[in-house]
Every structure is written in C-alpha cells, then in structure tokens.
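Written out below as structure tokens is the structure these notes cover.
The values are calculated or read from the model by the stated rules, or taken from the named source; none is laboratory data. Worth saying up front: this structure is predicted, and the values here are computed from it rather than measured. Quick reminder, even Gly has a Cβ in these numbers, built from the backbone with ideal geometry, and neighbours come from all protein chains shown. The area values use the complete protein model at the heavy-atom level, side chains included, leaving out ligands, DNA and RNA. Shrake-Rupley method; radii C 1.70, N 1.55, O 1.52, S 1.80 Å.
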Amino acid sequence: ETGVTQSPTHLIKTRGQQVTLRCSSQSGHNTVSWYQQALGQGPQFIFQYYREEENGRGNFPPRFSGLQFPNYSSELNVNALELDDSALYLCASSLPPGAEAFFGQGTRLTVV
Amino acid sequence: SQELEQSPQSLIVQEGKNLTINCTSSKTLYGLYWYKQKYGEGLIFLMMLQKGGEEKSHEKITAKLDEKKQQSSLHITASQPSHAGIYLCGADCVDSNYQLIWGAGTKLIIKP
C-alpha cells in the first residue's frame, strides 16, 4: 500500500498570491486532515475532510479552504498569502476519523 | 497557545541512557498519540493510547496513559542515535470532534 504523499515539497510565493497544496491519502483512507506547523512549534489543526465533506475546522481564516475528491485525495488552498503563512503544511490520512493518522512529508511554504 | 504541555522542551542524553518525556492535558483525553519528527519532515506514528492505565511498547519505546487519561509519558530505554529527533504528543480531547491538538514537541539529542 502507498503512504501519504504531498506535493510540492517546497514552494516560495510572494505575499498576496494564492497557493494550492496537494495530498494523496494512504490507500483506503477516507479521512484527510491538514495542519500548519510553524518552526519550533507543534502542528495546528486547519481542517479535516471525511468522505468529501468538511468534518471540522480549526481557528484559521476563510482564506484557508480545502477540497476532498472522490478518490479521497485533498487540496489545501490559501488565498492572499501573508508572511505568517510561511510554515510546514502537513497532511494526514486515517480510517476513520479518530484512528491513528499517517502523515505525509509535508510541504514547506515560504512567503516572501 | 498549546493545550498540551510537553516536558522537557529539549533533552540531551548520553547514548545508552534511559529518558522520559511527559505530556499533560488540562482536559480528559479520548486518545493520545505519540509521533516522532525529523527536522522539517513529516510525522512518524509511534503509538496510540486510549484506555486509562494503558501501556504500549515498541522496541525500546514504552508509552503510558494515566488512569485519569490526562497525562502520558514516553520512556526510551538504552537510547541510541536513531532515537534522536522531535517527539510530539497529539490528543483527541472531549468535544474536539477528532481535531487533534498538539504539544510543542520535545527535541531529543543523543550524545555518542
């Protein structure tokens, strides 16, 4: 079985731009969660998708949005990028919500 | 702010020595997860604990969840260089709807 894969691995964007990050969940996993991890801190929950529906959201503004596709892969979109959005973005999949989650390697986003 | 408190923040241990990392919550936990992270990379699942008093072991790593399900400890016996990294505890709390909250991590350095 394949693990969780994220793309791209690194990304540099300019303030005000938009970005889309992608995540392929582990085979058979129907739940995908996204986290933002600033340097030296623990991950912060952004939102979770379960069977293509948003299943919970953390304390992030609406410019953070997402999608889950029928094959359970997912996208995280961030509009109007700010310097503070620079972080490691982690995707995790599980089956079902609440089971142990398996993480991708993350996407390192730098906003300049 | 971190709702899970991890201690210590960092730890330098002589190879071969034992060590303990603690994770404390102010809320009752449904589940407590331990992960290991190499700098700037994704999280590697170690163990999940759900029952009060539960203890699990994998190779030289043992994790316990106290009876009140508000504190967990991770114990490494006879530490090796491969144990170096950042250890993160994540928790699924009462009324959190499977949104994991995280500690800030414990950075472990193994001295040869």
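Note the buried accessible area between B and A here, summed over both chains, with a 1.4 Å probe, in Å² to the nearest 100. Mind dumping the intermediate values first?
Working: alone 6500 and 6010 Å², together 10790 Å².
Buried area (both sides, nearest 100 Å²): 1700 Å².
How would you order A:19-30, B:59-70, B:5-16 from highest to lowest mean count of nearby Cβ atoms within 10 Å? Mind showing how you got there, number by number?
On the way: A:19-30: 18.6, B:59-70: 16.9, B:5-16: 13.5.
Ranked by mean Cβ neighbours within 10 Å, highest first: A:19-30, B:59-70, B:5-16.
Roughly how crowded by other chains is peptide A:49-59, in terms of the mean Cβ count from those chains within 10 Å of each of its Cβ atoms?
Values: counts 0, 1, 0, 0, 0, 0, 3, 4, 2, 3, 0.
Taking all residues of A:49-59 together, the mean is 1.
Taking just the C-alpha trace of segment A:1-76, give me its Rg and Dmax in Å.
12.8, 38
Can you pull the mean other chain C-beta count within 10 Å for peptide A:33-46?
On the way: counts 3, 0, 4, 0, 7, 0, 2, 5, 6, 16, 10, 4, 7, 1.
Per residue, the number of nearby Cβ atoms from other chains is 5 on average.
In whole percent, and with a 1.4 Å probe on the protein chains, what portion of the accessible area of the protein assembly as shown is carbon and sulfur? Let's see the in-between values first.
Working: 5280 of 10790 Å².
Answer for the protein assembly as shown: carbon and sulfur cover 49 percent of the accessible area.
For segment A:87-96, take each phi angle, set θ = phi - 60°, evaluate the Karplus expression 6.51 cos²θ - 1.76 cosθ + 1.60, and give the result in whole Hz per residue in order, putting x for glycine and proline.
Calculated HN-Hα couplings, in order: 5, 8, 9, 10, 10, 9, 10, 8, 9, x Hz.
Probe of 1.4 angstrom, ligands and nucleic acids ignored: what's the accessible area per residue over the protein assembly as shown, in square angstrom?
Working: 10790 Å² over 224 residues.
Ligands and nucleic acids excluded, the result is 48 Å² per residue.
Mind checking the log10 I(q)/I(0) for segment B:1-110 at q = 0.24 Å⁻¹? Debye, one equal scatterer per Cα, no solvent, two decimals.
-1.40
Please name which of B:Gly40, A:Asn55, A:Gln17 has its Cα lying farthest along the dipole of the protein assembly as shown towards the positive end, using unit charges on Cβ (Lys, Arg +1; Asp, Glu -1) and the Cα centre as origin.
Comparing the listed Cα positions along the dipole, B:Gly40 ranks first.
In segment B:9-112, what percentage of the DSSP-assigned beta bridges are antiparallel, given to the nearest 5? Don't jump to the answer; show the numbers that get you there.
Numbers: 34 of 39 bridges.
So the antiparallel bridges in segment B:9-112 amount to around 85 percent.
Taking the C-alpha atoms of the protein assembly as shown, how large are the radius of gyration and the largest Cα-Cα span, Dmax, in Å?
For the protein assembly as shown, the Cα-based Rg and Dmax read 17.3, 50 Å.
Work out, step by step, the length gained on full extension between B:Lys51 and B:Glu5: first 0.36 nm times the residue separation, then minus their alpha carbon distance; give nm to one decimal. Mind dumping the intermediate values first?
On the way: separation 46, 0.36 × 46 = 16.56 nm, distance 1.98 nm.
Residue separation times 0.36 nm, minus the Cα-Cα distance, leaves 14.6 nm.
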